[in-house]
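Readers should treat all values here as calculations from the given coordinates under stated rules, not as data from a laboratory. Being a predicted model, the structure only gives us computed values, none of them experimental. Neighbour counts run over all protein chains shown; Cβ positions are idealised from the backbone, glycine included.
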Amino acid sequence: MKNSYSNIFSFNKRILKKSIENLNNGNIVALPTETVYGLAVNAYVRNSVQKIYKLKGRPKSNPLIVHYYNLKDVSRDIEINENFRKLYNKFCPGPITFILNKKRGSKINSLVTAKLNTVAVRFPKHSVVRSILKEIRFPLAMPSANKSTSVSPVSAEDVFDEFKKNIKLIINGGRCTVGIESTVIDLTDVPKILRPGVIDKKLIEKILKKKIKVNITNKKIMSPGMMRKHYSPGIPVLINQKKHDGKSAFIYLGNKNKNKKKFFSLSKNLDLNKAASNLYRIFRLIKKKGYKKIQISKIPNLGSGIAINDRIKRASKF
Ligand code: TXA
Ligand code: MG
C-alpha cells in the first residue's frame with residue numbers, strides 16, 4: 001500500500017515547508033479543502049497556471065478559482081463591494097466562491113481568468129490550505145483535482161486515482177467534510193448563484209435580505225465550467241428512479257435497504273448535508289466495484305438537495 005502512494009504525504013511542519021517550496025518552484029501541489037481536493041499553483045505565474053490546464057485537460061475558456069487567506073490579501077487584486085463584505089463576514093472562511101471585478105493592476109494572470117475582467121475568489125476553511133495560504137505571498141489558483149468533466153476527489157487517494165504519479169506532492173488532509181464544490185455566486189451586479197452548493201440560496205438571502213437569482217443554465221460564459229457534461233463518474237447515471245432494475249448500483253436516502261448489496265445510502269437519517277458529503281465518495285466506490293450503471297432515487301430539492309440535484313443531473317448527461 002505504502003509504495004503505491006509514495007506521493008501522498010501527511011501534513012506536518014516539514015511538509016508545509018516542502019509544499020511552499022514546490023509552489024515557489026512552479027510545481028502543482030494537490031491540497032485538501034473542506035469541499036473537495038484541489039490542484040494548487042501560484043495564481044500570478046503564467047507557466048504554473050498553464051500546467052494545471054494541461055494536467056486536467058481543461059479548456060482554456062474555463063477560468064479557475066483564486067484562493068486567498070483573508071480580506072486584506074484579496075483587496076490587493078479585487079474590487080470588493082458591500083454584498084461581498086456581508087457574505088464574507090458570515091461565511092468565510094468557508095465553501096463559497098465570489099465572482100468580483102478584477103482590480104486594475106491586479107497581478108492575477110490572465111490565463112487564470114480566461115481573459116475575463118472578473119475573478120472567482122474563495123477563502124477555504126481547511127486547516128492545511130489555510131496554513132499554506134498564511135505563509136505565502138501569492139494566492140492559489142486551484143481547480144478541483146480531477147480530470148476535466150470527471151467527479152471531484154474527496155480524499156487524497158481519489159486524487160492519486162485521477163493522476164497517479166503525475167503529481168509529486170499530494171497532501172493528505174482526510175476526507176473532505178463538505179464533499180461537493182463550493183457555491184459560486186456572481187456579485188458583480190445583482191447577486192446571482194451560478195453553481196449551487198451547501199451554502200444555499202435561502203442562507204444567502206437571509207444575509208443579503210433580498211431575493212437571489214439562480215442562473216445555472218449553460219448559456220454563454222456565465223460560469224463557463226458549468227458545462228452540461230460534467231461531474232461524470234464514467235458510467236451511465238439515471239435520476240428520479242423508483243424501482244431497482246436488479247443489476248445497477250442504486251443510490252437513495254434513508255436506511256430501508258441497508259442489508260442489500262447493490263444499495264448505497266447517501267444518508268441513513270435523510271440529512272442532505274451528509275448526503276452531499278457522501279455523493280462523490282459513493283460514485284467512486286460504485287465505479288470501483290465494477291457496476292455498469294447507477295440509478296438514483298428522487299432527492300428532495302431543498303437545502304443541499306438543490307446542489308445534489310444539480311450535480312446528479314449533470315452526471316446523468318454522460
Ligand atoms: O470547492 C471548490 O470551489 C473547489 C475547491 C478546490 O476550492 N474548486 C473548484 O474549482 O470547484 P473548479 O475549477 O472545479 O470550478 C470553478 C468554477 C467553474 O465552474 C468556473 O467556470 C467558475 O468556477 N468560474 C471561475 N472563474 C469564473 C468567473 N470569472 N466567472 C464565472 N465563473 C467562474
Ligand atoms: Mg471542477
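List the residues whose amide H sits under 5 Å from the amide H of residue 214, counting only those 5 or more places along or on another chain, with H placed 1.01 Å from N in the peptide plane.
193
Given 0.36 nm per residue, what is the gain on full extension from residue 14 to residue 104 after removing their alpha carbon distance, in nm?
The span from residue 14 to residue 104 would gain 28.7 nm if fully extended.
Between residue 46 and residue 166, what's the calculated FRET efficiency when r is the beta-carbon distance and R0 is 25 Å? Round to 0.05. Before the final figure, lay out the partial values.
Numbers: r = 20 Å, r/R0 = 0.81.
That pair, residue 46 with residue 166, gives E of 0.80.
What trypsin sites (Lys or Arg not before Pro) does the range 105-150 have in DSSP loop regions with at most 11 other beta carbons within 10 Å? Please list the in-between numbers first.
Working: sites: 107, 115, 122, 125, 130, 134, 137, 147; in loops: 107, 115, 125, 137, 147.
Hits after loop and neighbour filter: 115, 137.
Any idea what % of Cα-Cα pairs in the range 83-231 are farther than 19 Å?
Details: 6396 of 11026 pairs.
Cα-Cα pairs in the range 83-231 separated by more than 19 Å: 58 percent.
Return, for the Cα atoms of the range 178-318, the radius of gyration and Dmax in Å, separated by a comma.
According to the Cα coordinates of the range 178-318, Rg and Dmax are 15.9, 50 Å.
List the residues, sorted by chain then number, that are 5 or more residues from residue 97 or on another chain and whose placed amide H is less than 5 Å from its amide H.
The list, which skips near neighbours in sequence, is 183, 184, 185.
Tell me, what ³J(HN,Hα) does each residue in the range 293-299 have, in order and in whole Hz, if you take phi through Karplus 6.51 cos²θ - 1.76 cosθ + 1.60 with θ = phi - 60° and put x for Gly and Pro?
With the stated coefficients, the range 293-299 comes to 7, 10, 10, 10, 6, 5, 10 Hz.
If packing is taken as the average number of other Cβ atoms within 10 Å across a peptide's residues, how do 296-307, 80-91 rank, most packed first?
On the way: 296-307: 19.3, 80-91: 16.2.
Ranking the peptides 296-307, 80-91 by packing returns 296-307, 80-91.
Which log10 I(q)/I(0) values does the chain give at q = 0.10, 0.13, 0.16 Å⁻¹ under the Debye formula, counting every alpha carbon as one identical point scatterer?
For the chain, the Cα-only Debye profile gives -0.54, -0.93, -1.39.
Which order do the peptides 152-158, 267-273, 23-29 take when ranked by the mean count of other beta-carbon atoms within 10 Å per residue, highest first? All intermediate terms of the calculation are to be shown ahead of the outcome.
Numbers: 152-158: 23.6, 267-273: 15.7, 23-29: 18.6.
Ranked by mean Cβ neighbours within 10 Å, highest first: 152-158, 23-29, 267-273.
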